[in-house]
Amino acid sequence: MKRLLTIMSLVLIVFIAVSCTSQKNITKKDQVEDTILKKIQSYTLNESNYLLFVESPTTANKKITLFLPYSVNNMNIKEISLIQDNEQVTNKTTVNSPNILDNKLYFTLNEFIPSFNKAQLTLDNGKTVVINTGQYILQKYISEENIPENKLKFLDSGNFQNKLGKITYSAKFNYKEKSAEQDVDIILPDDLISLRKTIDFKQVSVSDTLATFKLGLSFPKSEFTKLHVNSLTFEVLWFQKYSDKNAVILIGSIPITLNDYQ
């Protein structure tokens, strides 16, 4: 009987010791996580992003990638709400899988909003963290997407170069039937007035199956001071015109930083 009591006592002591150790480990893990979340919330991003939100008969959403200056690979994000200053503007988002890769956070915005500069991340453990994303400004574009397939152009290749703020963006498009006239045009964000003033867009070559277009832009270094940012990214929307219809054939993203002027 004494032996049995001794064994039971030892088991109880071991159980208590293991429970205490596990509790300490959980508490320590929570403390480390809380420290990381507080650090993440303290980051400020001095950048602006100008995006084009396409609304068509088949889609009305926007895939967005947040580029973050810190690793969040261990954060299991369940929900994302977007905020402008201190006001929530939408929670209609879908966290894409994989949602985090190389300090990039992928999600889909399921309704148009004009802007956001913060995001509230809800983790699978119920904790929330509000991060600074930099300023995002969105502009809506309506696309009919009903151009006959034999008239539609398809992207073959595209590339851009940036030399001291002078940007060249070239794109080649394949097609089945050659157009009688230039039927490709571009749209830039309305808010970038200084950029829009420098547009030089033209068709540089055309064959029976391939057309090449070239876009030239200049972005003055002084604009960074006016916008109070160190970097910005803007989208260029390429669309095809056919009769009174139009269709998006390419959305390209162009990043510019102060380092590009050195």
Item to check | Sequence-distant lysines (8 or more away, or on other chains) whose Cα lies within less than 29 Å of Lys92 | outcome: Lys38, Lys39, Lys62, Lys63, Lys78, Lys104, Lys118, Lys127, Lys140
Checklist entry - Using modelled amide H (1.01 Å from N, peptide plane; none on Pro or chain starts), what sits under 5 Å from the amide H of Thr90, excluding residues fewer than 5 places away? => result Leu82
Checklist outcome for this item: Under 14 Å by backbone N from the virtual spin label 7 Å along Cα-to-Cβ at Tyr242, the residues of the range 153-170 are 153-155
Checklist outcome for this item: Taking Leu188, Leu164, Leu37 and counting other beta carbon atoms within 10 angstrom, the fewest-first order is Leu164, Leu37, Leu188
Next on the checklist: Using a 10 Å cut-off around each Cβ, can you sort Val204, Val130, Val95 from fewest to most neighbouring Cβ atoms?
Outcome noted: Val204, Val130, Val95
Next on the checklist: Quick check for me: using +1 on Lys/Arg Cβ and -1 on Asp/Glu Cβ, what's the dipole size of the range 78-203 about its Cα centre, in debye to the nearest 20?
Outcome noted: 420 debye
Checklist entry - Are there trypsin sites (Lys or Arg not before Pro) in the range 69-142 that DSSP marks as loop and that have at most 16 other Cβ atoms within 10 Å, and which are they? => result Lys92, Lys127
Checklist entry - Ranking Tyr50, Tyr70 by Cβ neighbours within 10 Å, fewest first, what do you get? => result Tyr70, Tyr50
Item to check | Spin-label model distance (nm) - Thr122 vs Lys39, 7 Å beyond Cα toward Cβ | outcome: 2.7 nm
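Readers should treat all values here as calculations from the given coordinates under stated rules, not as data from a laboratory. Not measured: the values here are computed from a predicted model. Here Cβ is always computed from backbone atoms with ideal geometry, including for glycine, and neighbour counts include all displayed protein chains.
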